[in-house]
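Structure first, commentary second.
The values are calculated or read from the model by the stated rules, or taken from the named source; none is laboratory data. No experiment lies behind these values; they were computed from the predicted model shown. Positions of Cβ are backbone-derived with ideal geometry, glycine not excepted, and every protein chain shown enters the neighbour counts.
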Amino acid sequence: MTRAPTQRPGGRSARVQQAVHMAALTLSEQHERGRITVPMIANEAGVTPSTIYRRWGDVNEIFADISIERLRPRIAPRRTGSLRGDLTAWAQDYLEKISTPAGCAALQDVLMSDTSATSPAGSKMFQCAYFSRTQIDTILARWPGSHTVDTDSVIDHVLSPMVYRTLFEPTPFPQQRISELIDRVVR
């Protein structure tokens, strides 16, 4: 059973999060990432360093938090009129998002986040996986009883190769491969 990730904060907490995110992004335009410190971000955001240490712990966690917001789906997967079409459209959209320099950097930030700092269910990697899983579940729920596809098969045979190739291969993942991967899953 998939549990929902931790809810996004509201009120003052949301304002602090927004200020810290904006400060980190501003500083990343001015400095190499390795030179950015928590005190620099705190000063730019108008908060104390202890606020950042308490909530995020370090600079990597701030950038992972920003990346989770970039990777969070904003709309339901497209409807195309078929299971194969819906999965293909979703996979193409996902690949388009992660294939950009910002998308690839977002995946890298999530991978660099500290999974031991919070419960596994609250980790950035879990949240990222949750986003994909719920999008796939939404598509599969549209087509009950008309297929033998399950969410894990889509993750293992479609999503995983795209993410792996995006992160670790020097050449981009070819869009035309998506149809081949979907065909292996949807019989």
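Tabulated data for the structure shown
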read-out	value
Test for residue 96: is it part of a helix (DSSP H, G or I), surrounded by fewer than 14 Cβ atoms within 10 Å (Cβ to Cβ), of a type outside the set (S, T, N, Q) and more than 14 Å from the chain's Cα centre (by Cα)	no
Every pair of residues 6+ apart whose Cβ atoms lie under 9 Å, when the first sits in the stretch 104-130 and is of a type in the set (S, T, N, Q) while the second is part of a loop (DSSP other than H, G, I, E, B) and at pLDDT 85 or above	127/72
The stretch 37-68: number of residues that are in a loop (DSSP other than H, G, I, E, B) and touching a residue at least 12 places away in the same chain (Cβ under 8 Å)	6
Some residue of the stretch 141-149 being buried (at least 18 other Cβ atoms within 10 Å of the Cβ), over 15 Å from residue 70 (Cβ atoms) and modelled with pLDDT of 95 or more	no
Only one of 74, 177, 78 that is within 30 Å of residue 54 (Cα to Cα) and without any contact (Cβ under 8 Å) to a residue 24 or more places away in the chain	74
Selected residue (only one of 62, 75, 98 is modelled with pLDDT of 90 or more and not assigned by TED's automatic domain parsing to the domain that holds residue 135)	62
